[in-house]
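The values are calculated or read from the model by the stated rules, or taken from the named source; none is laboratory data. This one's a predicted model, so the numbers in the text were calculated from it and none came from an experiment. Please note: Cβ atoms are built from the backbone with ideal geometry, for glycine as well, and neighbour counts cover all protein chains shown. Each accessible area value is taken on the protein alone, full model and side chains, heavy atoms only, with ligands, DNA and RNA left out. Shrake-Rupley method; radii C 1.70, N 1.55, O 1.52, S 1.80 Å.
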Amino acid sequence: AVNVLISMAGDGAILITEDGQNIKMGTPKGKVVNSVGAGDSMVAGFITGYIRGGNYEEALKSGTAAGSATAFSEGLASLEMYEKMLNQISECALNLLKSSCYHFIFKKLNMIETKMKQKFEIKQKIF
């Protein structure tokens, strides 16, 4: 794999890029109504975000917004819901930088990332 995109549901997402970057993204707040199609929506949003912006951070933000928008909808997300989630993620990122909970959230994401890397390394050794 060139890049690995990991969805962690309500705990956010991590992208491990071909050049070793680990990009983390939290999720917007909302009530999960139906998670069917949320992963597919995340991938579609990621690809769209990358095509539009040309960078991984924007792609991950777009993918997270699309996946969340679908999870918070009865069916697949509407454009309106996607844009609402995208704005919420952008605002959340700005607020987190100013907040003391920033360290707590990213500490948790780092712990999850470490566990995922360990599992990946174990699987590589097996194969």
Query - Pairwise label distance in nanometres, Ile112 with Glu74, each label 7 Å out on the Cα-Cβ vector - result: 2.9
Query raised in the report: So which aspartates and glutamates can Lys29 reach, going by Cα to Cα under 20 Å and dropping same-chain residues fewer than 8 places off?
Result: Asp11, Asp40, Glu57, Glu58, Glu74, Glu80, Glu83, Glu91
Query raised in the report: To the nearest 20 debye, what is the magnitude of the charge dipole of the stretch 1-94 about its Cα centre, counting +1 on the Cβ of each Lys and Arg and -1 on the Cβ of each Asp and Glu?
Result: 180
Query raised in the report: Accessible area per residue of the stretch 1-41 at 1.4 Å probe, in Å²?
Result: 58
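What part of the accessible area of the stretch 1-51, given as a whole %, is carbon or sulfur when the probe is 1.4 angstrom? Before the final figure, lay out the partial values.
Numbers: 1650 of 2940 Å².
The value for the stretch 1-51 is 56 percent carbon and sulfur by accessible area.
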